[in-house]
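Here's the structure, in structure tokens; my notes come after.
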There are 2 protein chains.
Amino acid sequence: MDVEIITIGDEVVTGHTVDTNSAFIARELTELGLTIKYKSSVGDSIELMEDTFRIALKRAHIVIATGGLGPTDDDLTKRAIVKVFRRNLIFHEEILDDIKARFRKRGLEMPALNQNQALLPQGAIFFPNKLGSAVGICIAEEGRVFIALPGVPSEMKQILTDEVAPYLRNLHIGQAIKVIKLRTTGIFESALAELIMPGLRLESGVRLAYLPSYSGVDLRIIATASDDAEARGKVNTVVKYLEAVCGKYIFGRDNDTLESTVGKLLRERKQTVAVAESCTGGQMGMVLTSVEGSSDYFLGGIMAYANQIKTAQLGVSEKILATDGAVSEVSAIAMAAGIREKFGSTFGVSITGIAGPDGGTEAKPVGTVFIGIATPERAHAKKYQFGIDREINRTRATFTAIELVRREILGIG
Amino acid sequence: MDVEIITIGDEVVTGHTVDTNSAFIARELTELGLTIKYKSSVGDSIELMEDTFRIALKRAHIVIATGGLGPTDDDLTKRAIVKVFRRNLIFHEEILDDIKARFRKRGLEMPALNQNQALLPQGAIFFPNKLGSAVGICIAEEGRVFIALPGVPSEMKQILTDEVAPYLRNLHIGQAIKVIKLRTTGIFESALAELIMPGLRLESGVRLAYLPSYSGVDLRIIATASDDAEARGKVNTVVKYLEAVCGKYIFGRDNDTLESTVGKLLRERKQTVAVAESCTGGQMGMVLTSVEGSSDYFLGGIMAYANQIKTAQLGVSEKILATDGAVSEVSAIAMAAGIREKFGSTFGVSITGIAGPDGGTEAKPVGTVFIGIATPERAHAKKYQFGIDREINRTRATFTAIELVRREILGIG
């Protein structure tokens, strides 16, 4: 069945908000075997919304719209739905009670405006929202399904995953599709392709895509077939090939992240890690602790942004700072060893560099980063030359440091 | 002039990558006075790309496509352009030299595949790429302009800002448009609307939108008029009104961020800050240091994730941990005072809470966060009840803590 995804809001059309919603929806529905045929965006205008909804209902079986369900003036989606489907708005007491309880729980009184959110088009079913006050709305009519979800990404995701996906799974029987993403790091897209391409043979219905990001390159294999087993077989053939030619760069699959992979390795080995961060200012700690249960292996760390903190808290000698500088191999080693000793962790990891845009010199241009690691046996550091963008440099440094822990644990050179 | 933005790549259509590019492009071009009429996405298929390009060139004056310019097999944009415009690919030595130099600078040899990136459609002009190897391509023909940019966001942004925007500014004369975004924090969208709506009168051609995010709610005012002065006047009328009714929640405008605003305040006052983070694991440090030049006022901090670190490094007594617990007002105060004293900063800020999904109790459910601040005069902490999502809780805690610093500096209650 064909799907159209519509994102609603001036903020999307004018670009003041990045639309992360349509990507999430597309991904989830693709994995249900549905085909995303159209994506469109429309601003906060009832007339344009009506037109957009009508066109979508003509050319797609399933239409999913996000945005414009909030309590304020510019949230017009419900009014457009009512016009397109020629229905009245009906008040739902149980929805209002739920919204009131949500505010009460946070010690707040519900603003009167939120009452609007208890109004639904006649005959619509609603999908509860566990994270906010705007419920999802679903109208099925003449073989078409129209679903409206709130635009706040966390709320949309929760409703889509918990409510909409099971609902749609019941509706359709499609071609079997199997998607696997192999996640690599530490190698460029083009170098990866040079390893992969020479021996690659793809069966019909199988596609391989390279998806680069700052933490690495994902290899996505999509196979379609008449049944599940055949689709799975086709994907597995490619996976085996890829593992053979570039296995050491593959750290995980699908929803694995580098930080969750490293976390699993540390937990299995009952090892711990502490970090000493300069130019990343806490990003490595933040990324490591984005994993649920990371307190099992992450003890903490020191953000040593000012040089006096590197000396006072991590024992980087003033001599090192004066001769080699804060951004140097010896400084990175001293920071890694310092944090390991001070926090009593298995591994100490350090990041010190010039994130930019200022602070670069001829010998150490912007993008120069040293990453150090101290283990029970040794301490060493490596120099990296990233680019000129501050945020990208920090992100690259963070993920490179996490990858360094993975390689240290697994003994990969 | 009407614009169509096309994002290219299976990863966009299937949702494996979030399309941040079209939002950025839309924003930049809207501020040039251009009108974004269509946004579309197309997968990695030459035929579908050709169709999409042809339709776009019929209905829009300016077509901007992103993605599919990389060196690997699945990057087909250039091949589709060549077909649509019926041109040959021409080799550009100067582009190849530049790509080679880029790899050399990082101590790497250029993979042979990257040679493809020196091929351009005949008659196209190219926009240099300072951050990567894929240049932007521009073809002007029969009153239409077609521009193809790489899909890597940082590269696309650099080329768009430095090259494409000036190029397009020369091309068109449009209606005057003025956009101002007032950034608020510390108040819900609905409560904000209740302050604003009663007295709000909008002139024709003026629109006000509420744009909520986890760091606050932005108020965007867009005014169109026949000339610049009139558009500016219309916007300023609304700005003055909003400042009168909800000024204390407004921390900045347009590209101001909460962290850059607080940074400016600290720098002006020659004050410094240090942080003690538990559940946020370094996020506050990371956000504060995302601002260029933040070393002027950010000294560093301690990620005290494990309780023994709170005791050993921040002086949170074992008695406090045993009686009140690590997530408590007294613990937050001790952490803030501890980091201030240890690092010698003007302000010490602490965050300790239960980010979830585990670790909640009846008395302290998931989302309970204490944020503390120590100043030369006093130390105090406040309790917050956020929601159930780990990442959102951490982000809310981070920005609430930064807002607390702003309020402390400015003496806002």
Given the structure, is B:GLN313 touching a helix residue (DSSP H, G or I) at 6+ places or on another chain (Cβ under 9 Å) and farther than 19 Å from B:VAL405 by Cα? yes
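Does A:ALA148 satisfy the criteria of being modelled with pLDDT of 95 or more, assigned to a strand (DSSP E or B), buried (at least 19 other Cβ atoms within 10 Å of the Cβ) and not aromatic (Phe, Trp, Tyr)?
It is true that A:ALA148 is modelled with pLDDT of 95 or more, assigned to a strand (DSSP E or B), buried (at least 19 other Cβ atoms within 10 Å of the Cβ) and not aromatic (Phe, Trp, Tyr).
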Search result, residues across region A:385-412 that are part of a helix (DSSP H, G or I), surrounded by fewer than 18 Cβ atoms within 10 Å (Cβ to Cβ) and within 11 Å of chain B (Cβ to nearest Cβ): A:GLU391
Any idea which residue in region B:163-189 is modelled with the lowest pLDDT, counting only those that are out of contact with any strand residue (DSSP E or B) (no Cβ under 8 Å at 6 or more places or on another chain) and within 12 Å of B:GLU28 (Cβ to Cβ)? B:ARG169
When region B:4-25 is examined, which residues are found to be of a type in the set (A, V, I, L, M, F, W, C) and either assigned to a strand (DSSP E or B) or crowded, with 23+ Cβ neighbours inside 10 Å (or both)? B:ILE5, B:ILE6, B:ILE8, B:VAL12, B:VAL13, B:ALA23, B:ILE25
Please go through region B:343-359 and pick out each residue that is surrounded by fewer than 16 Cβ atoms within 10 Å (Cβ to Cβ) and of a type outside the set (Asp, Glu). B:GLY344, B:PRO357
Can you name the condition, by its number, that B:ALA231 falls short on among (1) more than 14 Å from chain A (Cβ to nearest Cβ); (2) surrounded by fewer than 20 Cβ atoms within 10 Å (Cβ to Cβ)? (2)
Which of the residues that make up region B:23-33 are more than 7 Å from every other protein chain (Cβ to nearest Cβ) and either modelled with pLDDT of 85 or more or within 19 Å of the chain's Cα centre (by Cα) (or both)? B:GLU28, B:LEU29, B:GLU31
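A quick yes/no check of all residues on (1) assigned by TED's automatic domain parsing to the domain that holds B:ARG183; (2) assigned to a loop (DSSP other than H, G, I, E, B); (3) at pLDDT below 95:
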position: B:VAL245; (1), (2), (3): yes, no, no
position: B:ARG267; (1), (2), (3): no, no, no
position: B:GLN271; (1), (2), (3): no, yes, no
position: B:ALA274; (1), (2), (3): no, no, no
position: B:MET284; (1), (2), (3): no, no, no
position: B:GLY300; (1), (2), (3): no, no, no
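From the list B:GLU94, B:GLU203, pick out the single residue that is surrounded by fewer than 17 Cβ atoms within 10 Å (Cβ to Cβ) and out of contact with any Ser or Thr (no Cβ under 9 Å at 6 or more places or on another chain).
B:GLU94
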Would you pick out the residues in region B:298-328 that are more than 10 Å from every other protein chain (Cβ to nearest Cβ) and under 32 Å from the mean Cα position of the chain (by Cα)? B:VAL327
Within the group B:PHE91, B:PHE126, which residue is free of Cβ contacts under 8 Å to residues at least 40 places away in the same chain and in contact with a His (Cβ under 9 Å, 6 or more places away or on another chain)? B:PHE126
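The values are calculated or read from the model by the stated rules, or taken from the named source; none is laboratory data. Nothing here was measured: the structure is a model prediction, and the numbers come from that model. Virtual Cβ from ideal backbone geometry, glycine too; neighbours counted across all protein chains shown.
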